[in-house]
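Read the structure below first, then the notes.
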Amino acid sequence: MAEVRKYHITVSARTNFIPEQSDDSANRYVFSYTITIANTGQVAAQLISRHWHITDAHDKVQEVRGLGVVGEQPFLKPGESFEYTSGTAIATPVGAMKGSYQMVAEDGTAFEAEIPEFILAVPRVLH
């Protein structure tokens with residue numbers, strides 16, 4: 001039987017290349033990403049802030065920190081999830097994102113929810 005953790009958030013991502021906002025000649029590649037944040041723990045928790053590492057194929061890293069996500073600080077009870085879509089631009093056709101959400105549980109415990117690395121790629125660039 002799987003261990004149930006008191007404080008646990010599961011994060012998954014889907015990405016999409018946006019050609020109409022991208023410009024190959026200017027080395028600008030725009031992607032949207034849809035994130036699902038699920039409270040898979042036993043205690044309700046609120047997302048307070050985010051910290052992203054966005055890396056392009058030249059290993060140039062953009063760090064992004066800020067309160068909430070898309071202007072919200074969702075409060076998730078056990079079993080609840082929150083989904084949002086945002087976007088980023090990088091200078092290469094392939095890159096990656098990873099990071100963490102800073103959470104505060106209903107009992108006042110602060111913890112981090114890892115955002116596993118996901119790939120940003122223009123279609124037909126990766127084989």
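Values in this text are rule-based calculations from the coordinates and carry no lab data. For clarity, every value in this text was computed on a predicted model and none was experimentally measured. Cβ: placed from backbone, ideal geometry, glycine included. Neighbour counts: every protein chain shown.
Brief remarks follow.
- Relative packing of peptides 115-123, 37-45 - highest average C-beta neighbours within 10 Å first: 37-45, 115-123
- Per-residue HN-Hα couplings for segment 82-98 [Karplus 6.51, -1.76, 1.60; θ = phi - 60°; Hz; x = Gly/Pro]: 9, 10, 8, 10, 9, x, 8, 10, 10, 8, 10, x, 9, x, 8, 10, 7
- Values of log10 I(q)/I(0) for the chain across q = 0.18 Å⁻¹ run -0.92, by the Debye formula with one identical scatterer at each alpha carbon and no solvent.
- Annotation: amide H of Tyr7 within the under-5 Å range of Gln42, sequence separation 5 or more or interchain, hydrogens built in the peptide plane.
- GNM on the chain, alpha-carbon springs under 10 angstrom: the most fluctuating residue among Val94, Val30, Val70 is Val70.
- Pair Ile18, Ile119: separation of 7 Å Cα→Cβ label points (nm): 2.2 nm
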